1. Of the residues Phe49, Phe68, which is of a type in the set (Phe, Trp, Tyr), in the same structural domain as Ile6 (by TED's automatic domain parsing) and within 16 Å of the ligand (Cβ to nearest atom)?
2. Only one of Val78, Val62, Val87 is buried (at least 17 other Cβ atoms within 10 Å of the Cβ), under 22 Å from Glu18 (Cβ atoms) and either touching a residue at least 12 places away in the same chain (Cβ under 8 Å) or not assigned by TED's automatic domain parsing to the domain that holds Ala8 (or both); which?
3. Give the range 21-38 a look and list any residue that's outside any loop (DSSP other than H, G, I, E, B) and surrounded by 16 or more Cβ atoms within 10 Å (Cβ to Cβ), or say none.
4. Restricting to the range 103-151, count the residues that are surrounded by fewer than 18 Cβ atoms within 10 Å (Cβ to Cβ), of a type in the set (Gly, Ala, Ser) and either under 30 Å from Gly29 (Cβ atoms) or outside the structural domain of Ile178 (by TED's automatic domain parsing) (or both).
5. Looking at Gly179, Gly154, which one is outside the structural domain of Val33 (by TED's automatic domain parsing) and touching a residue at least 60 places away in the same chain (Cβ under 8 Å)?
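The values are calculated or read from the model by the stated rules, or taken from the named source; none is laboratory data. Everything numeric here is computed off the predicted structure, so don't read it as measured data. Here the Cβ positions follow ideal geometry from the backbone for every residue, glycine too, while neighbour counts run over all protein chains shown.
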Amino acid sequence: MRALQISAYGDDPLKVLELADIPEPGEPGAGEVLIDVELAPLNKHDLLFIRGAFGGPPAPTVVGNEGFGQVAAVGPGVANVKVGDHVLAPNFGLTWRERLIAAAQGLFPLPDGDRLQFAQLGSNPPTAALILSEYADLKPGDWVVQNGGNSGVGRSLIAIAKQRGIRTISLVRRPELIGELEAAGADLPLVDEPVAVEKAAREVGEGSVRLAVDSVGGDATATLIQGPSGSGPPPTSSTAPISRPGGRACLISSARCPKCCAMRTS
Ligand SMILES: NC(=O)c1ccc[n+]([C@@H]2O[C@H](COP(=O)([O-])OP(=O)(O)OC[C@H]3O[C@@H](n4cnc5c(N)ncnc54)[C@H](OP(=O)(O)O)[C@@H]3O)[C@@H](O)[C@H]2O)c1
């Protein structure tokens, strides 16, 4: 079967990726399923994998963190999914191939829906959902500020926050995205420039910005975390929206964490 694999880990995917003919995965064993992979997205995550940032299996190896497909066979003892069900492949499933065997545990049948959206559910939306759940005790009406507002994580965060009644300030670097993000439910999309802090201050008023989410790093971080935990410089009127005592900062930028992009707080 066909697969996209890397001959070696390396910084330039075009130099190490190759279309290969690899052996069929065979029959699923006890507790396993065979998945026909129908869609496998390309996420920044995959580029980090190719660079060796996650310490993957020895090369050559198939690539691909996320995937969507149909169960083609089930091994003994599998009851949670059946042949014909559509499922998400487990994360780190090495999905850039036509078929794979995965543990059945954790798989679940998907309803009818947009297959392209399903295929991208494994990484960015849960990251956004966990950021909103795990880093601050957010209540409806609270504000969250993020940069990279138009990223996959950023758009997921906007949508999930909306559902939970949490309001979002989303910084982007391109003005043409403002209308698009508003249409997607962003409460306050702003171009990341010095005046953004004042604009946010006016909008938030006496409200509370409880969480700053950084997916860019470098200078952009300073805009977000001027003392969000209360340990930084005292708030001034222009930094008040993102400096409320008791706020938290969540850095998800791999620029700050080159070996893994696991979320961490500061
Ligand atoms: N911890 C985890 O489990 C986890 C999971 C998924 C993602 N992440 C992290 O979350 C972040 C977003 O990932 P994603 O896949 O959602 O990203 P994405 O969809 O690829 O979007 C990248 C974003 O970064 C912006 N950007 C790129 N370079 C920039 C720069 N120099 N200055 C300002 N903005 C810049 C882009 O803006 P333009 O559109 O203007 O180019 C875009 O908004 C990344 O840091 C990623 O590593 C972490």
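1. Phe49
2. Val62
3. Scanning the range 21-38 gives Glu32, Val33, Leu34, Ile35, Val37.
4. Looking only at that region, the number is 3.
5. After applying the criteria, what remains is Gly154.
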